[in-house]
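Enquirer: To start, I am sharing the structure in question, which I have written as structure tokens.
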Amino acid sequence: MTDMMRLIEPLIPALRRYARALLRNPTDADDLVQDCLERAVGRWHQRRPDGDARTWLFAIVHNLAVTQLRQRARRGAHLPIEDTAEVSLAVAPTQESGLRHRDLMSALDALPEEQRSVLLLVTVEGLSYAETAEILAIPAGTVMSRLSRARDRMILLMDGTEATAPAKRALLRRVK
């Protein structure tokens, strides 16, 4: 039990950070991490002893988040107005950093889930391409291409360019 706690406990802040970035709701993210930890403790015996606990836990969080996001998409958005402070509904943010943060979060939300997951795991969590590929159960080349597309799309979205417009690149011409 102490070996399990020694491996899991230092990873909890990173798991919470990743869950919050995926779900955009601190309460849902904490519940997701709790579910992940419950699953990890209950199935610790199923973990490969030679495997990395970090990638295993991130894979659990990712899979649970994908399931939760799919359920949320089927049910639609829910915002309890009673629980929201009136001040946050009535006043738009006035600080430039707040606006940039909002734009960044909107741009992240506009990314497809597979690109957002790769971008968050590699850039925010600092995982290698191989670790990210293992967590998401995809080839490392797919991680690199999704990351490249996610970065390109984030640049377009943050610059205010239309998200649906493809990036204009110089066309190669054949000279005879």
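Enquirer: Got a number for residues in the stretch 101-119 being closer than 20 Å to Asn63 by Cβ and of a type in the set (A, V, I, L, M)?
Expert: The number of residues fulfilling the criteria is 4.
Enquirer: Could you say which residue among Ala59, Ala40 is touching a residue at least 60 places away in the same chain (Cβ under 8 Å) and part of a helix (DSSP H, G or I)?
Expert: Ala59
Enquirer: Another one. Residues in the stretch 1-19 that are modelled with pLDDT under 90, assigned to a helix (DSSP H, G or I) and of a type in the set (A, V, I, L, M): how many?
Expert: 4
Enquirer: Has the stretch 14-21 got at least one residue that is over 15 Å from Leu120 (Cβ atoms) and surrounded by 15 or more Cβ atoms within 10 Å (Cβ to Cβ)?
Expert: no
Enquirer: Here's something else I'd like to know. Which of the numbered conditions does Arg39 fail, given that it passes all the others? Conditions: (1) surrounded by 11 or more Cβ atoms within 10 Å (Cβ to Cβ); (2) modelled with pLDDT under 90.
Expert: The failed condition is (2).
Enquirer: Still on this structure, I have one more. So which residues in the stretch 85-114 are assigned to a loop (DSSP other than H, G, I, E, B), modelled with pLDDT under 90 and within 18 Å of Asn25 (Cβ to Cβ)?
Expert: Ala85 - this is the single residue of the stretch 85-114 that is assigned to a loop (DSSP other than H, G, I, E, B), modelled with pLDDT under 90 and within 18 Å of Asn25 (Cβ to Cβ).
To keep it simple, each residue is scored yes or no on (1) within 10 Å of the chain's Cα centre (by Cα); (2) free of Cβ contacts under 8 Å to residues at least 24 places away in the same chain.
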| residue | (1), (2) |
| --- | --- |
| Leu108 | yes, no |
| Pro112 | no, yes |
| Ser117 | yes, no |
| Glu131 | no, no |
| Glu134 | no, no |
| Ala137 | no, no |
| Thr142 | no, yes |
| Ser145 | no, yes |
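Enquirer: If you go through the stretch 115-155, how many residues are within 22 Å of Pro13 (Cα to Cα) and assigned to a helix (DSSP H, G or I)?
Expert: 17
Enquirer: Out of all the residues in the stretch 108-141, which are small (Gly, Ala, Ser) and surrounded by 20 or more Cβ atoms within 10 Å (Cβ to Cβ)?
Expert: Within the stretch 108-141, Ser117, Ala133 meet the criteria.
The values are calculated or read from the model by the stated rules, or taken from the named source; none is laboratory data. If you're wondering where the values come from, they're calculated on a predicted model, not measured in any experiment. With ideal geometry, Cβ positions are generated from the backbone for all residues, glycine too; neighbour counts draw on all protein chains shown.
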